[in-house]
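Student: Take this structure, written in structure tokens, and hold onto it; I'll ask about it next.
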Amino acid sequence: MSDRLKIKLGDYILDNPIIPASGTFGYGYEFSDYYDLNILGSICMKATTLQKRYGNELPRIADCPSGMLNSIGMQNPGVDKVINEELVKLSKVYNKKVIINVGGESIKEFVSIVRKFENCTNVFAVELNISCPNVKDGGIVFGTNPKLVYDLVMEVRKNTSKFLIVKLSPNVNDVISIAKSCEYAKADAISLVNTYLGVRINLNTRKPILSREVGGYSGPGIFPMVVKLIRDCYKNVNIPIIGMGGVMNASNVIELMMAGASAVMVGTANLIDPYVCNKIINQLEKEMDKYKIDKLVDIIGVSNE
């Protein structure tokens, strides 16, 4: 693969910036029948919790204009099975290192999960899902409170040597203050953004479609808002940003990188077209030539200059 596409996250070099986003690519190996997964920069596995979680009751998906709502509820078999079964299955079809997404309801729980991955040699990074409710603080979502974010990231930082990413929610008054809290607490990067809150109503029943009523809105409809948030954070923090939200093609990837992203996660598009990440990677150099881009690293944040 061309050196033109290579990017760096910490000490880890990715062949290209394309990473399937957590929750949209399963554990990765499920997609190995479609194409050679080793073309990917990395894979961000679906959320892992300490114990097995069934997830939310059905229905938990709703169609939307230019996207979808989901309220999956972090369904997973628990951290021990992820390490002993899912990572093992993935290693048979993917020879690069992956990113683990972690969810918890207390700082102690986050730390316990992260520590279990510390000796996993095929994991180079941990992404903290801070949209989880903190049961120790009355159910306040971690990601809405700068102090909670700082305390969580600081404690996790003490317990892992992995590249530490914090996944931010757009459903806050001030994303920049949350991003700065991550940086101050020695996170290695932030990922922007998680889903926007939304509701769909069934016109026949006159009730919300989702069992939990509110879901996370993702897809191309949020793309312009993601571009803005990445630009805002790029101007205010000095750690890498991994962009995501509505990415459908190679030109979207270039736009997010010009906004300030060092790498790009592809989410909802995987559910529409299982080949999309492969297609984007194969389109990237042609798009770069179109816009006279020599190397992708050269365009990170250029829209802010």
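Student: For segment 228-253, give me each residue that is more than 19 Å from Val166 (Cβ to Cβ), in contact with a Leu (Cβ under 9 Å, 6 or more places away or on another chain) and crowded, with 22+ Cβ neighbours inside 10 Å.
Tutor: Scanning segment 228-253 gives Val247, Val253.
Student: Could I ask something else about it? Could you go through segment 37-57 and let me know if any residue there is farther than 22 Å from Leu90 by Cα, surrounded by 15 or more Cβ atoms within 10 Å (Cβ to Cβ) and in contact (Cβ under 8 Å) with a residue 40 or more places away in the chain. Reasoning before the result, please.
Tutor: Going residue by residue through segment 37-57, those that are farther than 22 Å from Leu90 by Cα are 55-57.
Those left that are additionally surrounded by 15 or more Cβ atoms within 10 Å (Cβ to Cβ): 56.
Imposing the further condition that a residue be in contact (Cβ under 8 Å) with a residue 40 or more places away in the chain reduces the set to 56.
Scanning segment 37-57, I find at least one residue that is farther than 22 Å from Leu90 by Cα, surrounded by 15 or more Cβ atoms within 10 Å (Cβ to Cβ) and in contact (Cβ under 8 Å) with a residue 40 or more places away in the chain, so the answer is yes.
Student: Report, by residue number, each residue of segment 15-35 that is touching a residue at least 40 places away in the same chain (Cβ under 8 Å), out of contact with any Leu (no Cβ under 9 Å at 6 or more places or on another chain) and farther than 20 Å from Ala263 by Cα.
Tutor: Tyr34, Tyr35
Student: Return the residues of segment 210-227 that are of a type in the set (A, V, I, L, M, F, W, C), surrounded by fewer than 18 Cβ atoms within 10 Å (Cβ to Cβ) and either more than 13 Å from Gly243 (Cβ to Cβ) or at pLDDT below 95 (or both); say none if nothing qualifies.
Tutor: Of everything in segment 210-227, just one residue is of a type in the set (A, V, I, L, M, F, W, C), surrounded by fewer than 18 Cβ atoms within 10 Å (Cβ to Cβ) and either more than 13 Å from Gly243 (Cβ to Cβ) or at pLDDT below 95 (or both), namely Val214.
Student: Can we say Ile100 is at pLDDT 95 or above and closer than 19 Å to Leu168 by Cβ? So that I can check it myself, show each step before the final result.
Tutor: On the way: at pLDDT 95 or above: yes; closer than 19 Å to Leu168 by Cβ: yes.
In short, yes.
Student: Residue by residue through segment 173-186, note down the ones that are free of Cβ contacts under 8 Å to residues at least 60 places away in the same chain and under 12 Å from Asp232 (Cβ atoms).
Tutor: Just the residues of segment 173-186 that are free of Cβ contacts under 8 Å to residues at least 60 places away in the same chain, to begin with: 173-175, 177-186.
Asp174, Val175, Ser177, Ile178, Ala179, Lys180 - these are the residues of segment 173-186 that are free of Cβ contacts under 8 Å to residues at least 60 places away in the same chain and under 12 Å from Asp232 (Cβ atoms).
Student: Among the residues that make up segment 276-285, is at least one of them touching a helix residue (DSSP H, G or I) at 6+ places or on another chain (Cβ under 6 Å), not acidic (Asp, Glu) and not in a helix (DSSP H, G or I)?
Tutor: No, there is no match, as no residue in segment 276-285 is touching a helix residue (DSSP H, G or I) at 6+ places or on another chain (Cβ under 6 Å), not acidic (Asp, Glu) and not in a helix (DSSP H, G or I).
Student: Across segment 66-95, what is the number of residues that are part of a loop (DSSP other than H, G, I, E, B), at pLDDT 95 or above and in contact with a strand residue (DSSP E or B) (Cβ under 8 Å, 6 or more places away or on another chain)?
Tutor: Summing the residues that are part of a loop (DSSP other than H, G, I, E, B), at pLDDT 95 or above and in contact with a strand residue (DSSP E or B) (Cβ under 8 Å, 6 or more places away or on another chain) in segment 66-95 gives 1.
Student: Taking the options Ser169, Ser191, Ser161, name whichever one is under 30 Å from Cys120 (Cα atoms) and at pLDDT below 95. Working first, answer last.
Tutor: Details: Ser191 fails: at pLDDT below 95; Ser161 fails: at pLDDT below 95.
Answer to the selection: Ser169.
Student: State whether the residues of segment 228-240 include one that is within 30 Å of Lys97 (Cβ to Cβ) and touching a Ser or Thr at 6+ places or on another chain (Cβ under 7 Å).
Tutor: Within segment 228-240, one or more residues are within 30 Å of Lys97 (Cβ to Cβ) and touching a Ser or Thr at 6+ places or on another chain (Cβ under 7 Å).
Student: For the condition surrounded by fewer than 14 Cβ atoms within 10 Å (Cβ to Cβ) and aliphatic (A, V, I, L, M), what is the one hit in Leu203, Leu168?
Tutor: On the way: Leu168 fails: surrounded by fewer than 14 Cβ atoms within 10 Å (Cβ to Cβ).
Every option except Leu203 fails the conditions.
Student: Can you tell me how many residues within segment 42-84 are among the small types (Gly, Ala, Ser) and in contact with an Asp or Glu (Cβ under 6 Å, 6 or more places away or on another chain)? So that I can check it myself, show each step before the final result.
Tutor: So the first thing to find is which residues in segment 42-84 are among the small types (Gly, Ala, Ser), and the list is 42, 47, 55, 62, 66-67, 71, 73, 78.
Of the ones still in play, those that are also in contact with an Asp or Glu (Cβ under 6 Å, 6 or more places away or on another chain) are none.
Residues meeting the conditions: 0.
Student: Tell me, yes or no, whether segment 255-267 has at least one residue that is surrounded by 15 or more Cβ atoms within 10 Å (Cβ to Cβ), without any contact (Cβ under 8 Å) to a residue 40 or more places away in the chain, over 19 Å from Lys167 (Cα atoms) and in contact with a Pro (Cβ under 7 Å, 6 or more places away or on another chain).
Tutor: To start, the set of residues in segment 255-267 that are surrounded by 15 or more Cβ atoms within 10 Å (Cβ to Cβ) comprises 255-267.
In the following step, the residues that additionally are without any contact (Cβ under 8 Å) to a residue 40 or more places away in the chain were identified as 255-256.
Next, only the ones that are over 19 Å from Lys167 (Cα atoms) stay: 255.
Those still in the list that are in contact with a Pro (Cβ under 7 Å, 6 or more places away or on another chain) too: none.
Checking segment 255-267: not a single residue is surrounded by 15 or more Cβ atoms within 10 Å (Cβ to Cβ), without any contact (Cβ under 8 Å) to a residue 40 or more places away in the chain, over 19 Å from Lys167 (Cα atoms) and in contact with a Pro (Cβ under 7 Å, 6 or more places away or on another chain).
Student: List the residue pairs whose Cβ atoms are under 7 Å apart, where the first residue sits in segment 272-300 and is touching a residue at least 40 places away in the same chain (Cβ under 8 Å), the second is of a type in the set (Lys, Arg), and the two are 6 or more positions apart or on different chains.
Tutor: Glu285/Arg4; Met288/Arg4; Asp294/Arg4; Lys295/Arg4; Leu296/Arg4
Student: Which of the strands (runs of 3 or more DSSP E) contained wholly in segment 6-61 include at least 3 residues that are within 17 Å of Val123 (Cα to Cα) and under 13 Å from the mean Cα position of the chain (by Cα)?
Tutor: Numbers: elements: 7-9, 12-14, 18-20.
So the answer is 18-20.
Student: Starting from residues that are small (Gly, Ala, Ser) and modelled with pLDDT of 95 or more, keep the ones in segment 109-158 and report whichever is nearest to Ile13 (Cα to Cα). Walk me through it before giving the result.
Tutor: Here is the first cut: in segment 109-158, the residues small (Gly, Ala, Ser) are 112, 125, 131, 138-139, 143.
Next, from what is left, pick out any that are modelled with pLDDT of 95 or more: 112, 125.
Numbers: Ser112: 27, Ala125: 12 Å.
Among those that are small (Gly, Ala, Ser) and modelled with pLDDT of 95 or more, it is Ala125.
The values are calculated or read from the model by the stated rules, or taken from the named source; none is laboratory data. No experiment lies behind these values; they were computed from the predicted model shown. For neighbour counting, all protein chains shown are included, and Cβ atoms are generated from backbone atoms with ideal geometry for every residue, glycine included.
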